1. Can you tell me which residue is farthest from residue 241 (Cα to Cα) among those in the stretch 151-161 that are modelled with pLDDT of 95 or more and crowded, with 22+ Cβ neighbours inside 10 Å?
2. Could you check how many residues of the stretch 79-102 are out of contact with any helix residue (DSSP H, G or I) (no Cβ under 7 Å at 6 or more places or on another chain) and outside any loop (DSSP other than H, G, I, E, B)?
3. Being at positive phi and without any contact (Cβ under 8 Å) to a residue 24 or more places away in the chain is true for just one of 344, 312. Which residue is that?
4. If I ask for residues that are more than 17 Å from residue 336 (Cβ to Cβ) and touching a strand residue (DSSP E or B) at 6+ places or on another chain (Cβ under 9 Å), which ones from the stretch 32-56 would you list?
5. Please work out which one of (1) more than 15 Å from the chain's Cα centre (by Cα); (2) in a strand (DSSP E or B); (3) within 18 Å of residue 140 (Cα to Cα) is the condition residue 105 fails and give its number.
6. Read through the list (1) at pLDDT 95 or above; (2) out of contact with any helix residue (DSSP H, G or I) (no Cβ under 7 Å at 6 or more places or on another chain); (3) in a loop (DSSP other than H, G, I, E, B); (4) surrounded by fewer than 23 Cβ atoms within 10 Å (Cβ to Cβ), then give the number of the only condition that residue 64 fails.
7. Are any of the residues in the stretch 324-341 over 19 Å from residue 216 (Cβ atoms) and in a helix (DSSP H, G or I)?
8. Tell me which residues, restricted to the stretch 203-219, are in a loop (DSSP other than H, G, I, E, B) and surrounded by 17 or more Cβ atoms within 10 Å (Cβ to Cβ).
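The values are calculated or read from the model by the stated rules, or taken from the named source; none is laboratory data. Note that this is a predicted model, so its numbers are computed, not measured. Here the Cβ is made from the backbone with ideal geometry for all residues, glycine too, and neighbour counts use every protein chain on show.
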């Protein structure tokens, strides 16, 4: 009312807009709302210390704040110097990191899952391998046990494996990131934690692990990885997670692979979907090889196809920039691009900025 921006103790250097602008992802939660919702949480580091959770309902096309987060502290309770060894504020919500591609959705449990935590925020954050789960039925947080040797620092990427009920995650390189590892969310451990870790396997892409993207291909049961530093697709084997990463062959209209991009799977058209904001709004689909995999993940050729909006049609990246006051990190999308499958139709959903529209493409 006074024409000045609000400045709460949890504001940080950027404030609430960092929930999209600050290296952050999102998930599509198919069981929250009549047509599902996009769930946003984060900010992190020195940008934003708020732990509020927000949802965009696809049916009503409205935003809703699901939790206020920790709003009872003073200046000393947020940021550098405020330490929380279990990576949770006094209200039980996690300290918000830059989420990168470290968040996924468990449809059966109706949980938003954050793969790692922070024990301190500020310019020199302290990361810890403690997963956090926000249940969309109860709107309450719980967390998993700490993994004592996994280093899950900045720049990591994940995929949800529905058949095994495992969240697979690969660390970035920063701070000695050292893990390809899975987390099972099921089970009460009787000590205030839930779920369990798989064995930890080494970094599969040492020195080039930051800001890739991966998605499980449920038809061939392999994890496909977009490795931007090599400009190629690779695969990981969830049946043998100790196996080395394997290069895949691509043909067709493949773009230059970018960091901070999204890689999704559209079940009704049975294709992977790739999107980077740097491609001027073009959505790429990737057709799976016809031949069955022999177990190595390397057989067959993956065919790319570019889908560009006709002249005169809405261009979402430019349109969002025209609406927003916060057009930082223009190359970032992470999981703010997701696929919603509704009544046999695959729809790509993009959350761009906190003050721009949400965008949708019908893929079939």
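1. Within the stretch 151-161, the subset modelled with pLDDT of 95 or more is 151-152, 155-161.
Pick out the ones that are also crowded, with 22+ Cβ neighbours inside 10 Å and you get 152, 155-159.
On the way: 152: 17, 155: 20, 156: 17, 157: 15, 158: 14, 159: 14 Å.
Result: 155.
2. So the first thing to find is which residues in the stretch 79-102 are out of contact with any helix residue (DSSP H, G or I) (no Cβ under 7 Å at 6 or more places or on another chain), and the list is 79-81, 83-99, 102.
Then keep just the ones that are outside any loop (DSSP other than H, G, I, E, B); that gives 88, 94.
Going through the stretch 79-102 one residue at a time, the tally reaches 2.
3. Numbers: 344 fails: without any contact (Cβ under 8 Å) to a residue 24 or more places away in the chain.
Going through 344, 312 in turn, the sole match is 312.
4. First, the residues of the stretch 32-56 that are more than 17 Å from residue 336 (Cβ to Cβ): 33-35, 45-46, 49-51.
Once the filter is applied, which keeps residues that are more than 17 Å from residue 336 (Cβ to Cβ) and touching a strand residue (DSSP E or B) at 6+ places or on another chain (Cβ under 9 Å), the stretch 32-56 yields 33, 34, 35, 45, 51.
5. (1)
6. Tallying (1) at pLDDT 95 or above; (2) out of contact with any helix residue (DSSP H, G or I) (no Cβ under 7 Å at 6 or more places or on another chain); (3) in a loop (DSSP other than H, G, I, E, B); (4) surrounded by fewer than 23 Cβ atoms within 10 Å (Cβ to Cβ), residue 64 fails exactly one: (3).
7. For the stretch 324-341, residues over 19 Å from residue 216 (Cβ atoms) and in a helix (DSSP H, G or I): present.
8. Within the stretch 203-219, the first condition is being in a loop (DSSP other than H, G, I, E, B), and the residues that meet it are 203-212, 218-219.
Matches in the stretch 203-219: 203, 204, 205, 209, 210, 211, 212.
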